[in-house]
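Comments concern the structure below.
Read-outs: derived from the displayed coordinates by stated rules, not from any lab. These numbers come from a predicted model, not from an experiment. Reconstructed Cβ throughout: ideal geometry from the backbone, glycine too, with neighbour counts over all protein chains shown.
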Amino acid sequence: MNINKIKENLRTKILGMELIYNESVESTNKLLFKLAEKGLEDGTVLISDEQTGGKGRSGRSWYSPGGVNLYLSVLLHPEVSPQNSAVFTFIASLALVKTLDDLNINSQIKWPNDLLINTKKVAGVLTEMKNEGNNLNFIIIGIGLNINLSIESIRENLADISNSVTSLSIERKSFLDREEVAVNLIGYLDDYYLQFKSEGINSIVAEWSNRWGKLNEKISVKVDNKIISGIVRKVDNYGFLYIEDDKGNLEKIIAGDIQS
Ligand code: BTN
């Protein structure tokens, strides 16, 4: 990856003033976390061309071959309670959606933090934080975006989920400039971080809810092997979902897998 091309084209106010690049790391989230414990400035971005142990959510791994995709972590020092950390996952999803909009690729957000193109996952977000009690020390937003990953590579290396994974090049039927995509994504992350700072959590949650598009729609969510169905009434500032069942009860969903 040509990191100088990214540096030269960034037009951000906070993100990427400090930009760290590696050819290969185990996990950008893991490395940035370690570096942040010793002290790094707000908005530091770490990018790696390849990850040998990319982390996904719920202990899963994130397939991270070199030369094709984007693996990026951002360090933030926001003034917010650890309970509100979901807002940073929303910021990442919104920035990804905007980046894809600019490429004329229509994407859908899947609560809480997957990004899909025609029901197939193209990006994932893993937000991690360090806190002491109720004080947030720092937060790390990790984003993996499949850019030029080929269908052959998906079939070979992600056989069991190959029908539910895609990349931008598969959808666009042409290769994309990874540096350009990175510049746009970091730019939108910067915009939303500034919006969060000036307008607060509500404005991010409202924009995310709008773009998600499921408010007042009927959905089903799988929670611990139980299916909960109902109308989505709200997403709160903690990122929780409120679904009204047909008896009028409001169910709060903290984590689950949306079926429809
Ligand atoms: C998911 O399971 O959907 C989240 C995947 C997050 C992957 C990204 S790639 C960059 C950053 N570093 C990691 O180890 N994971 C995140």
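Classify segment 93-234 as rounded, prolate or oblate from the Cα gyration tensor: take a ≥ b ≥ c as the square roots of its eigenvalues, call it rounded if a/c is under 1.5, otherwise prolate when a/b beats b/c and oblate if not.
On the way: a/c = 1.56, a/b = 1.19, b/c = 1.32.
Oblate is the answer for segment 93-234, as a/c is 1.5 or above yet b/c matches or exceeds a/b.
What net charge do the residues around Ser150 carry, taking every other residue with its C-beta under 15 Å from that of Ser150, with Lys and Arg at +1 and Asp and Glu at -1?
Details: positive: Lys120, Arg155, Arg172, Lys173, Arg178; negative: Glu152, Glu156, Glu171.
Combined, the nearby Lys, Arg, Asp and Glu give +2.
Which entries of Lys34/Lys222; Lys7/Lys34; Lys98/Lys234 have Cα-Cα distances beyond 25 Å here? Could the numbers behind the result be given before it?
Working: Lys34/Lys222 35 Å; Lys7/Lys34 23 Å; Lys98/Lys234 23 Å.
Checking Cα-Cα distances, Lys34/Lys222 exceed 25 Å.
Taking every pair of alpha-carbon atoms in segment 214-258, what share in percent sits in each 5 Å bin, from 0 to the bin with the longest distance?
6, 26, 36, 25, 7, 0
Hey, what does the equivalent ellipsoid look like for the chain, semi-axes from the Cα gyration tensor as sqrt of 5 times each eigenvalue, largest first, whole Å?
Values: eigenvalues 159, 106, 58 Å².
For the chain, the semi-axes come out at 28, 23, 17 Å.
Please check the chain for the longest run free of trypsin sites (Lys or Arg not before Pro) that are loop-located per DSSP (anything but H, G, I, E, B) and have at most 16 other Cβ atoms within 10 Å. Intermediate values should be presented prior to the final figure.
On the way: sites that count: Arg11, Lys13, Arg60, Lys173, Lys247.
After excluding every exposed loop site, the longest remaining stretch is 61-172.
Positive end of the charge dipole of the chain (Lys, Arg +1 and Asp, Glu -1 on Cβ, about the Cα centre): tell me which of Met129, Pro112, Ser220 has its Cα farthest that way.
Checked the options; the winner is Ser220.
Under unit Cβ charges (Lys, Arg +1; Asp, Glu -1), what dipole magnitude, rounded to 20 debye, does segment 1-70 have relative to its Cα centre?
For this selection, approximately 240 debye.
Along the positive direction of the dipole of the chain (beta-carbon charges: Lys, Arg +1; Asp, Glu -1; about the Cα centre), which of Ser58, Ser169, His77 reaches farthest?
Farthest along the dipole direction, towards plus: Ser58.
Given 37 °C and 0.692 mPa s, compute D for segment 33-88 with the Stokes-Einstein relation, Rh being the Kirkwood radius over Cα pairs; round to the nearest whole µm²/s. If you can, show how the numbers build up before the last one.
Numbers: Rh = 13.2 Å.
Translational diffusion coefficient: 248 µm²/s.
Could you tell me the center-to-center distance, by alpha carbons, between segment 207-260 and segment 1-76 in angstrom?
32
Report, in debye and to the nearest 20, how large the dipole of the chain comes out about its Cα centre when Lys and Arg carry +1 and Asp and Glu carry -1 on their Cβ.
Numbers: 29 positive and 34 negative charges, 97 e Å.
Computed charge dipole of the chain: roughly 460 debye.
Identify the chymotrypsin sites (Phe, Trp or Tyr not before Pro) of segment 176-260 meeting these criteria: DSSP loop state and at most 11 other C-beta atoms within 10 Å of the C-beta.
Numbers: sites: Tyr188, Tyr192, Tyr193, Phe196, Trp208, Trp212, Tyr238, Phe240, Tyr242; in loops: Tyr238, Phe240.
Here no chymotrypsin sites (Phe, Trp or Tyr not before Pro) fit, given the DSSP loop and packing criteria.
For Ser167, what is the net charge nearby, where nearby means another residue's Cβ is under 12 Å from its Cβ and Lys, Arg count +1, Asp, Glu -1?
Details: positive: Lys120, Lys121, Arg172, Lys173, Arg178; negative: Glu152, Glu171.
Charge balance near Ser167 sits at +3.
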